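One structure below.
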Amino acid sequence: MTESNCSNTEGGVVADIAQHVSYFERHIFFCLNERKNGEACCAQHAALDGFERCKSQVKAAGLAGPGKVRVNKSGCLDRCAAGPVAVVYPEAVWYSFVDNQDIDEIVESHLKNGRVVERLLIPGDSGR
């Protein structure tokens, strides 16, 4: 962040959000964490397959690139009990998924059309 994007206030440095334009409209992060100690983790639930499917579907739909959608790998997102998990920002919507149809629905409904897929939401209290 450059100084031209910040302003000083009594509380410290604050980003000038009104003038900020995000490079991507949405990010989706897929937890691909693998625990070697046998604890539950997203890698045990085909998280990589979900990530790869999402990346290919986003690209095929013409949703990838600046001003659009970015599909990212992530380390542990600390929601292991609900795994596999993915989170979409800036909305901070947390999903779990089982198969390609779930991923396709997230891409079509949320990433393309901005509609949350209610049936795939992770309960708010679901953590590690």
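The values are calculated or read from the model by the stated rules, or taken from the named source; none is laboratory data. Remember, it's a predicted structure, so these values are computed and weren't measured experimentally. All Cβ positions, even for glycine, are placed from backbone atoms using ideal geometry, and neighbour counts span all protein chains on display.
Say we look at region 17-39 and pick out the residues that are touching a residue at least 60 places away in the same chain (Cβ under 8 Å) and under 17 Å from Val98 (Cα atoms); which of these is surrounded by the most Cβ atoms within 10 Å (Cβ to Cβ)?
The qualifying residue surrounded by the most Cβ atoms within 10 Å (Cβ to Cβ) is Ile28.
When we screen Asp78, Asp49 for residues that are outside any helix (DSSP H, G or I) and over 13 Å from the mean Cα position of the chain (by Cα), the only hit is Asp78. Every condition in (1) surrounded by 13 or more Cβ atoms within 10 Å (Cβ to Cβ); (2) of a type in the set (Lys, Arg); (3) assigned to a helix (DSSP H, G or I) holds for Arg70 except the one numbered (3).
State which residue is surrounded by the most Cβ atoms within 10 Å (Cβ to Cβ) when the search covers only region 95-128 and only residues that are among the small types (Gly, Ala, Ser) and within 26 Å of Gly62 (Cβ to Cβ). Working first, answer last.
Of region 95-128, the ones among the small types (Gly, Ala, Ser) are 96, 109, 114, 124, 126-127.
This time we only want the ones that are within 26 Å of Gly62 (Cβ to Cβ), so: 109, 114.
Values: Ser109: 15, Gly114: 11.
Here the residue is Ser109.
Counting only residues that are of a type in the set (Asp, Glu), modelled with pLDDT of 95 or more and over 17 Å from Ala47 (Cα atoms), region 92-128 holds 2 of them. Lys55 meets each of the listed conditions (1) in contact with a Ser or Thr (Cβ under 7 Å, 6 or more places away or on another chain); (2) among the basic types (Lys, Arg); (3) surrounded by 15 or more Cβ atoms within 10 Å (Cβ to Cβ) apart from (1).
Could you tell me whether Gly62 is farther than 20 Å from Arg119 by Cβ, surrounded by fewer than 13 Cβ atoms within 10 Å (Cβ to Cβ) and modelled with pLDDT of 95 or more? Answer is yes for this residue. For the residues Ala86, Ala92, Ala81, the requirement of being buried (at least 17 other Cβ atoms within 10 Å of the Cβ), small (Gly, Ala, Ser) and without any contact (Cβ under 8 Å) to a residue 60 or more places away in the chain singles out Ala86.
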